Amino acid sequence: MAYEISLENRTATIDLLNKAGSKALIAVDGNKYDIDIMEVEKGVYSILYNGSSYNVELIEGATSRKYIVNTFSRTFNVEIIDAEAKYQQSRLLGHEHEGENDISSPMPGKVVKIPVRVNDNVVSGQTLIVVEAMKMQSEFKASGDKMVKEILVREGDTVDAHQIMMKLE
């Protein structure tokens, strides 16, 4: 099973390829490592690699996806990037590239509901469009009092990542 983690200013892919007892074969960004890992006390691990021993302490952070990782000489803030985190990052990236009055899909999905029409006046927080992606429905809401200028999709349409679905003014 592969995991993406954010470590300082980079993202790494870690894949557990094989595990038998305390021995494990992992891949970090495609590079393979044979390690021997053992939990010596709650949250503290001893890792043997290439004849060297490393002690690592994992402390759960503010959420179950965030950790503080302490080694002998350094401390790292680490976040596990799961599907929800990827979705949120994608959603934020999509809005950076579009105009503030454009409603765009952060990822591929299916339009399931459009409760507004062209020329409707909408208020802040009102649902404009509902898209289903990864078995989750996301409601896109008006960020302020605006008017629906153009609807570029229909219910049932499949949309691509960053596709503009609606324009407001």
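The values are calculated or read from the model by the stated rules, or taken from the named source; none is laboratory data. Here the structure is a predicted model, which means the values were calculated and not measured. FYI the Cβ positions are ideal-geometry reconstructions off the backbone, even for glycines, and counts take in every protein chain you see. For the accessible areas, the whole protein counts, side chains as well, though only heavy atoms, and no ligand, DNA or RNA atoms are used. Shrake-Rupley method; radii C 1.70, N 1.55, O 1.52, S 1.80 Å.
Considering only segment 66-82, state which residues are of a type in the set (D, E, K, R) and either in contact with a helix residue (DSSP H, G or I) (Cβ under 6 Å, 6 or more places away or on another chain) or modelled with pLDDT of 85 or more (or both). Let's see the steps before the verdict.
Step one: of segment 66-82, the residues of a type in the set (D, E, K, R) are 66, 74, 79, 82.
Within segment 66-82, 66, 74, 79 meet the criteria.
If residue 64 satisfies every condition in (1) in a loop (DSSP other than H, G, I, E, B); (2) farther than 30 Å from residue 134 by Cα but one, which is the exception?
(2)
Can you confirm whether segment 83-93 contains a residue that is open to solvent by 30 Å² or more (accessible area, probe 1.4 Å), modelled with pLDDT of 80 or more and of a type outside the set (A, V, I, L, M)?
Let us first name the residues in segment 83-93 that are open to solvent by 30 Å² or more (accessible area, probe 1.4 Å), namely 83-84, 86, 88-89, 91-93.
From the residues that got through so far, the ones that are modelled with pLDDT of 80 or more too are none.
No; the residues of segment 83-93 include none that is open to solvent by 30 Å² or more (accessible area, probe 1.4 Å), modelled with pLDDT of 80 or more and of a type outside the set (A, V, I, L, M).
Does segment 126-144 hold any residues that are in contact with a strand residue (DSSP E or B) (Cβ under 7 Å, 6 or more places away or on another chain) and closer than 16 Å to residue 101 by Cβ, and which are they?
In the first step, residues of segment 126-144 are kept if they are in contact with a strand residue (DSSP E or B) (Cβ under 7 Å, 6 or more places away or on another chain); the result is 126-133, 137-142.
The answer is 126, 128, 129, 140, 141, 142.
Restricting to segment 138-153, and then to whatever is surrounded by fewer than 18 Cβ atoms within 10 Å (Cβ to Cβ) and part of a loop (DSSP other than H, G, I, E, B), can you tell me which residue is modelled with the lowest pLDDT?
Taking the candidates together, the pick is 143.
Taking residue 50 as the residue in question, decide whether it is over 15 Å from the mean Cα position of the chain (by Cα), modelled with pLDDT of 90 or more and of a type outside the set (A, V, I, L, M). Steps first, please.
Numbers: over 15 Å from the mean Cα position of the chain (by Cα): yes; modelled with pLDDT of 90 or more: yes; of a type outside the set (A, V, I, L, M): yes.
Taking the combined requirement at face value, the residue satisfies it.
Show the residue pairs that are 6+ apart or on different chains and have beta-carbon atoms under 6 Å apart, the first residue being within segment 98-116 and over 11 Å from residue 157 (Cβ atoms) and assigned to a loop (DSSP other than H, G, I, E, B), the second being at pLDDT 95 or above and open to solvent by 40 Å² or more (accessible area, probe 1.4 Å).
Every condition considered, no pair remains.
When you scan segment 1-40, how many residues do you find that are surrounded by 12 or more Cβ atoms within 10 Å (Cβ to Cβ), among the charged types (D, E, K, R) and not in a strand (DSSP E or B)?
Summing the residues that are surrounded by 12 or more Cβ atoms within 10 Å (Cβ to Cβ), among the charged types (D, E, K, R) and not in a strand (DSSP E or B) in segment 1-40 gives 0.
Exactly one of (1) open to solvent by less than 60 Å² (accessible area, probe 1.4 Å); (2) modelled with pLDDT under 90 is unmet by residue 43. Its number?
(2)
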